[in-house]
Each structure stands twice: as structure tokens, then as C-alpha cells.
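The values are calculated or read from the model by the stated rules, or taken from the named source; none is laboratory data. In this text the structure is predicted, and so the values were computed from the model without any measurement. Heads up, the Cβs are rebuilt from the backbone with ideal geometry, glycines too, and the neighbour counts pull from every protein chain shown. What goes into the accessible areas is simple: the full protein's heavy atoms, side chains included, and nothing from ligands, DNA or RNA. Shrake-Rupley method; radii C 1.70, N 1.55, O 1.52, S 1.80 Å.
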Amino acid sequence: MTTARRTAKRPPDMLVRLRKILELERKRGYTDAAVVGGLDSFLRAALAGDGLPKNSYAAQSVRQLPAGGYRALGNEKRRDWLDQTMRGLTGTATSARPAPAARPRRKTLPPANVDSPITALSGVKAGLAAKFETLGVRTIRDLLYLFPRRHNDFSKLRKIGELTPGEDETVRARVWSADQKRLGRRMGTEASVGDESGMMKVVWFNQPFIARQLRTNTEVVLSGRVRLHNGRPSFENPEWEVLGKDETQTHTGRLIPVYPLTKGITGRNLRRLMAAALERYVDELADPLPTELRTRLDLIDLRPAVRQAHYPDDNESLAEARRRLALDEMLPLQISVLLRRREWQQPGSAGPLVLEDTLRNAYLASLPFSLTAAQQKSLGQLLADLQRDVPMSRLLQGDVGSGKTVVAACGLLAAVAESRQAVMMAPTEILATQHFRTLCQLFGADANDTPIAEAAPPYLERPLRIAILTGSMRKAARTAVYEQIEAGEVDIAVGTHALIQDPVTIPNLGFIIVDEQHRFGVMQRAALRGKSDRSVHMLVMTATPIPRSLYLTLFGDLDVSIIDELPPGRKPIRTRWWPPDRRDEAYVFLRTQVDLGRQAFVICPLVEASGAIQAKAAVDEFERLRTEVYPDLQLELIHGRMSGRDKDAAMRRFHSGEAQILVSTSVVEVGIDVRNATVMLIEGADRFGLAQLHQLRGRVGRGADQSHCLLLSESPSAEAQQRLRLMEETSDGFQLAEADLQMRGPGEFFGTRQSGLPDFRIASLLDTRLIELARTEAAAILEADPDLQAPEHAALAQIVERLYQHVSDEVH
């Protein structure tokens with residue numbers, strides 16, 4: 001007894017607290033009123049800390065709650081879950097008497113539910129679960145949301161004598177014979193089946209086991225493409241199933257789902273598991289959409305939508321289900337975007353940056369040109385935002401050469417006028433250097449070889465200091481710039497990711513410009529905002545025209561300004577697709593332009609996402625052109641493996657006119673402004689998307705002379721030919737962007753996977769109507785329930801909470 005008393009353990013404090021809270025919840029009638037903030041907040045805190053043992057029955061029971069948590073359960077299910085959890089906790093109660101020695105009990109786990117691991121399904125062991133994980137499936141819920149890529153229509157039931165060769169059709173017949181037989185080099189199954197209209201031959205290659213399951217006189221349903229064999233209809237490798245008493249069909253005789261697969265998972269096995277999961281667990285899914293919204297938009301409930309998305313009764317039911325589920329995916333994203341916007345734009349959290357009219361007019365008067373109407377409109381929107389105490393979050397998009405930097409520079413001037421520091425961050429050193437030189441030119445500074453330039457514009461009462469900071473700068477120079485930025489001696493800092501490295505602090509930061517921001521990772525953009533101890537105004541710029549459907553999602557928390565006209569006097573760039581047998585003519589044309597005193601770019605394709613291969617392609621082409629085609633001209637080379645100093649030196653020689661031709665990879669897609677360059681020759685043009693081709697084309701045509709873009713392609717596919725023809729036909733960047741999005745999809749639109757967007761199973765970022773509907777409904781929901789605390793929003797709040805952590809801090 002003494003030993004028993006000594007070894008008996010007191011229950012952990014958290015388990016005692018949990019038991020008391022559950023007892024109070026039971027007394028209060030399962031109203032979720034036992035703790036302030038609701039039971040879910042207590043349970044999350046208990047799981048997150050060390051108080052609730054991870055392998056305890058209580059912890060497992062909490063994890064088995066549905067996505068909406070305890071709050072999402074009905075009263076009866078709350079009672080069942082609470083009673084079950086209490087029974088599991090009774091073994092940990094403190095006893096005043098010595099604990100008697102007892103035989104160890106078998107561990108009791110809570111029954112499986114929709115959030116249980118997929119191994120809870122019959123037949124799914126650890127090895128198969130690992131294969132499912134490659135499809136993003138870990139739980140039964142994940143499986144239910146693994147929607148088909150398409151459906152095969154096997155709903156046309158025909159008699160054997162009515163089958164049409166070449167059609168996908170279904171027959172219901174009896175097995176006359178089924179045998180294992182060598183078919184080619186391997187064993188398979190050959191069967192004869194028939195109905196009252198005739199018989200047909202059926203073969204399954206490499207599947208001899210099917211013969212054992214097709215017993216004589218068994219009734220089967222077969223679905224597949226009808227072929228002719230010796231003048232008679234036949235099937236090869238059809239879907240099949242033996243009809244049971246309930247005649248439920250999973251593989252044949254209806255619209256049959258076609259799922260994404262991976263090695264070790266067959267379509268047949270996946271359909272079998274899906275049918276079992278739908279039968280057992282789909283009713284546990286909590287509907288995230290409020291009843292009022294579903295009724296108003298004429299949407300079906302979640303559970304029938306999921307069923308019909310997998311096994312639809314007909315095409316109309318499938319379309320209705322997909323419409324409902326697409327909104328389920330898009331609505332939480334739009335709510336997350338609006339929550340990010342609200343979090344960032346807190347009134348009173350930013351200092352207003354007011355640019356007086358006299359100062360603005362003096363700046364504009366100093367320019368050698370007048371702003372276009374679109375530039376003036378965008379400038380007005382920018383300055384109006386900066387005057388507020390709410391942090392600006394604005395996207396400025398405009399085609400290449402439309403004059404975005406001139407507009408953005410006025411915002412920099414507003415910050416300087418209010419004695420605040422400003423930052424302009426670019427994704428490449430070439431673009432950062434270009435911005436540094438442009439700002440020096442706009443403000444009258446000498447952009448010499450030093451990293452800090454001083455300007456004295458007549459409209460400012462004091463000198464203006466502009467610094468550049470890049471990763472390739474020597475350590476001593478970089479440290480000196482760090483120190484001057486931190487001391488407040490730099491007004492405008494231009495740079496690459498070096499601006500967000502730890503040694504840099506910007507104590508008086510008031511305004512941030514991020515150019516070509518989609519090229520930055522999520523953490524880089526968040527780190528730049530973290531350089532200030534208070535909220536700052538942010539302007540995002542891009543020369544990649546963004547279709548409306550994308551900026552409602554990728555840039556959904558930003559207000560949008562569009563510069564959709566070019567400065568007067570710019571001539572459209574003449575674009576031609578040159579077939580491979582006319583390559584020499586293209587080279588001759590390039591030389592005639594050089595003989596006229598012009599310069600040219602030659603762009604090499606990105607063969608692979610590898611710096612080494614990019615460099616080798618560029619180097620080989622550079623050597624060939626330098627030695628065989630243009631031995632009398634000066635050529636320069638730029639590629640991604642070169643150091644920043646070497647790239648800058650090559651660019652300077654090209655910019656000064658010392659070199660006539662610049663051979664490069666697409667590293668020059670942005671940031672190059674050489675007004676004397678009039679020819680852009682793009683090798684392997686079929687390897688580039690429309691948006692990237694348009695960006696490369698925009699490197700020429702910046703001066704008064706006629707410019708040309710030559711597209712060379714060896715053997716373009718049909719889709720690539722369509723892209724090249726579009727490049728010939730239009731110079732409208734927005735029209736090309738829409739076409740590019742349609743052709744390649746949003747995942748490849750920017751050539752990057754840093755968008756931060758979730759992987760949609762149903763919704764499409766091409767569906768502008770859906771996105772706008774989701775945005776409208778998201779705004780209405782947050783207007784009525786800002787914190788999603790209403791009971792009808794419980795399930796939606798859980799989805800948003802998970803997504804909110806996934807969505808990047810400022811845009812996505």
C-alpha cells in the first residue's frame with residue numbers, strides 16, 4: 001500500500017482545470033459560457049503550451065474537434081463530445097485513498113472524425129498515407145477536398161448491339177467467360193460478356209487478377225472507349241465493377257471522377273476510398289457560409305456540394321456544386337485580404353506627409369516635360385493618401401516607359417519636406433542603380449561613383465542626400481552608408497535586399513517604395529516595414545500590367561492607380577517574328593541600325609531555372625556573335641552569375657555608347673534605360689511568356705528614333721506561335737497581360753511561386769466575376785461582424801484564421 005501511495009501521481013494542473021471547466025460547461029447547458037472568450041480559446045492555449053500533455057486522452061480529444069471547434073457544434077454534439085472527454089479524464093482524478101495497484105488499461109482513443117488522419121480509413125496504412133501526403137492529403141477532410149480534375153461521362157447506358165466505335169459508352173452485361181491470358185509480353189485478363197443484343201470481347205492488359213473476380217454469370221457494368229476487334233465492338237482496359245444488391249456504382253455507369261494521382265495510388269483505389277469517406281464523414285463538415293448568404297445567392301449547402309463535386313447526378317449538378325465550392329475558397333481569401341488591410345491601415349498610426357502646392361509645382365516645373373493626364377491623376381491620388389494619418393497602401397501600375405518613377409519621386413519629396421526618411425527598394429542591383437541615377441537626375445544631383453549623392457534643388461530649403469545600398473558594395477562602403485542612414489543623414493535610400501539586412505536601421509522612416517514587388521519574398525517585404533517603429537506609407541510599383549482578377553487577390557489590400565498612356569512623342573515599337581531561315585537577315589538589320597549610330601540588345605533564353613545554364617547560354621552566344629557575326633563591333637555581356645561590380649561596369653560601357661551590342665539573359669527585363677538603343681533581338685522567344693516578352697521589348701523605344709523588336713524562334717509550339725503573333729499585333733501591355741494569364745495561368749504569370757496564394761482546388765483566378773462577388777460579400781460580412789464572432793460565422797472564422805497566417809503581411 002505504501003508503495004502504491006508513493007507512486008500514485010497527482011493529475012497535471014491543466015487536466016484538473018480542464019475537468020473543472022468542462023463540469024461548469026455541463027452545468028451551464030453547453031452554452032460555451034464556462035470561460036471568457038469561449039471554450040475554444042482555452043483549448044487552443046492548453047494545446048499550445050506545456051500544460052496539456054500532448055499524448056493524453058484530453059489532447060487527442062481536443063484535436064478531434066472539427067475545424068469550427070466546439071463553438072461550431074450543435075448542442076447535442078457538444079454534449080456528446082464533452083461527456084466523452086470527461087469519461088477519458090476520470091482516470092486522472094485525485095483520490096483521497098491510496099491508489100490500488102491495477103492492471104494497465106488498453107489506451108482508448110476518441111472515435112475517428114473528419115479531421116482524423118487518413119489512416120483512420122479502412123485499408124490505409126502508413127505507407128499509403130505517405131503517398132497521399134504527396135497529394136496534400138493528410139486527414140479525411142483533406143481527402144474530401146481532393147476534388148477531381150475532370151469527369152468521364154460514362155452515363156450513356158447502351159446495349160452491346162447499339163455501341164458506336166470511338167464513343168465513351170457503358171454496357172450492363174453478364175460474364176460468359178474470364179481467363180488469365182498472355183497479352184503481349186505480360187499476363188492479362190480476357191473476358192467475353194453479353195446481353196440480349198449480342199456479345200463482345202473485353203481485355204485488361206497487365207491485370208490478370210481481374211479474371212478471378214469475374215465469375216461466370218456475374219452481372220457487371222463496363223465503361224470505356226468502344227473499339228472494333230474483327231468487326232465486333234470491344235473494350236480495352238475499361239472501368240468495371242460487379243453489381244451488388246444495392247447496385248451502387250463507383251467506377252462506371254455515371255459521371256466518373258478523374259483525380260490527380262501519384263505513384264502507388266490508382267484511380268480505382270482512390271475512387272473506392274473517396275466513396276467510403278463520403279458515405280461516412282461528409283455529414284460532419286460544418287458549412288462556413290451563413291444561411292442568409294446561401295439563400296440570397298441561391299447556393300446549395302456544403303455537404304451535397306461536396307458529394308456532387310465528386311459523384312454528380314448530372315452536369316448541371318456538377319456545375320452547381322463547383323460554383324458553391326469556388327466561393328468557399330475565394331471568400332476566406334478576400335476576408336483575409338481585407339483584414340490585412342484593416343490591420344495595416346489603422347487611423348492615427350502614420351504621420352501625414354503634406355507636400356505644399358508651391359513645392360509640388362516647383363518640382364513639376366523643373367522637369368523637362370509635362371506630365372500626362374494619367375500621371376497627373378495618379379499623382380493626385382498619391383499625394384491625397386500621403387496627407388492622411390492612415391498609412392497609404394497603394395499600387396501604381398503602368399506600362400514600361402509610362403513615367404511611374406517621376407510620380408513616385410514626388411512622394412519622396414513629400415517625405416523629405418516633412419523631415420522624414422524614405423526608401424526605394426528594387427529586386428536587382430541593375431534596377432536599383434537605374435533608380436538611383438534617375439532620382440539624382442530628377443533632383444539635380446551628380447550620380448558619380450560614390451554611393452551617396454547630394455542635390456540642392458532650388459525649391460528645397462536644404463540639400464537633399466540620396467544613397468544607394470546593394471549587396472555587392474565593398475564592406476567598408478556599405479558600413480559607411482549604414483551609419484549615415486542610421487544617423488539620419490540620408491534622406492532617400494535606394495537599394496536591393498541589402499536595405500533589409502539586420503545592421504540597417506532607419507529611425508525616421510516615413511515612406512517606402514517597392515518596385516516590381518512581386519519579385520520579393522514575403523519575409524523581405526515584411527522586414528522592410530519592420531525597419532520603422534511606427535506605421536509608414538507604402539507605394540508598390542510594377543511595370544507588369546496586372547489583370548483586374550489578379551490585383552483583386554495578389555494586391556487585394558491596396559488601392560490602385562493606373563498610368564495607361566505613354567508620354568507624347570513615343571513611337572510604337574515595330575515587332576516582327578523572324579523564322580529560323582531568316583536569322584541572317586535579322587543580323588543584317590541589326591547591323592544597319594548600329595551603322596546609323598544606334599545600339600542593340602540580344603537576349604538569350606532561360607533554358608532552365610539554373611544560374612549556370614543561363615550563364616553558359618549567354619556566354620556561348622556572346623562568343624559566337626563577337627567572333628563570327630560582328631567581329632568589328634564592341635559587345636558586352638551580362639548574366640546572372642556575374643558579380644554586381646562586373647555587371648555594373650558592363651552596363652556603364654553600354655550606357656555610355658562605348659559598346660554597340662549588349663548580350664544578356666533576361667536580367668535586363670527591368671531597370672535598363674538606354675535611350676539610344678533601338679533594337680531588341682530575342683533568341684528563343686517561344687520560351688518566354690507574353691508579359692516577359694513585353695517587358696523586354698520595353699527596354700527599347702525610349703528615345704525619339706523608331707525602335708524594333710525581333711523575335712527569333714526555332715520551332716515554336718502552336719501556343720508559342722499564338723503568343724508571338726499577339727506580340728506582333730499589339731503593344732498594349734494590359735491586353736497582353738490578360739492573354740498571358742489566360743494562356744499560362746496565374747501560377748506562372750510572374751514566373752515566381754512567391755505569391756503567397758493558397759492552392760485552389762475549384763476556384764480560378766481567371767474568374768473575375770467570382771472574385772468580385774467574394775470581395776463584395778467579404779466586405780459585407782466584416783461590416784456586420786468585424787471580428788467574425790457571430791455564431792453563424794464560427795466555421796468561416798476557423799478557415800480565415802488558418803488562411804490569415806498563410807497570406808503575406810501586405811499584399812496576398
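Quick notes
- Distance violations [Cα-Cα > 25 Å] among Lys377/Lys647; Lys181/Lys201; Lys125/Lys201: Lys377/Lys647; Lys125/Lys201
- Taking Cα atoms only, the orientation of helix 794-806 departs from the longest principal axis of the chain by about 40 degrees.
- For the range 129-159 versus the range 405-439, the spacing of their alpha-carbon centroids is 51 Å.
- Of the peptides 420-430, 730-740, the order by per-residue mean of other Cβ atoms within 10 Å, starting with the highest, comes out as 420-430, 730-740.
- Against the chain, whose longest principal axis comes from its Cα atoms, helix 75-89 is set at around 80 degrees.
- Solvent exposure of the chain as accessible area per residue, Å², 1.4 Å probe: 47 Å²
- Helix 583-595 vs. the chain, principal-axis angle (Cα, 0 to 90°, nearest 10): 30 degrees
- In the context of the full protein assembly, Glu792 retains an accessible surface of approximately 100 Å², using a probe radius of 1.4 Å and ignoring ligands and nucleic acids.
- Only protein heavy atoms count here; on that basis, with a 1.4 Å probe, Met14 has an accessible area of about 30 Å².
- Shown here for the range 334-427: chymotrypsin sites (Phe, Trp or Tyr not before Pro) in loop regions (DSSP other than H, G, I, E, B) with at most 15 other Cβ atoms within 10 Å, namely Phe369.
- Qualifying trypsin sites (Lys or Arg not before Pro) in the range 438-486, where qualification requires a DSSP coil assignment and no more than 16 other C-beta atoms within 10 Å, comprise Arg474.
- Potential extension, Ser715-Arg186 segment - 0.36 nm per residue separation minus Cα distance: 186.6 nm
- Classified by the C-alpha gyration tensor, the range 157-231 has an oblate form. Its axis ratio a/c, with a ≥ b ≥ c, is 1.5 or above, and a/b does not exceed b/c.
- Peptides 660-667, 705-712 ordered by packing proxy, namely the average of other Cβ atoms within 10 Å per residue, highest first: 660-667, 705-712.
- Checking every one of the GluC sites (Glu not before Pro) in the range 135-205 against DSSP loop status and a limit of 13 other Cβ atoms within 10 Å picks out Glu167, Glu196.
- Over the chain: helical MRE at 222 nm, DSSP H runs n ≥ 4 each giving -39500 (n - 2.57), nearest 500: -11500 deg cm²/dmol
- As a fraction of the 1.4 Å probe accessible area of the chain, surface on carbon and sulfur atoms comes out at 48 percent.
- In Hz, Karplus ³J(HN,Hα) per residue of the range 360-377 (6.51, -1.76, 1.60; θ = phi - 60°; x = Gly, Pro): 4, 5, 5, 4, 5, 5, 6, 7, x, 8, 9, 5, 6, 4, 5, 5, 5, 5
- The chain: C-alpha gyration tensor shape, a/c 1.5 cut-off, then a/b vs b/c: oblate
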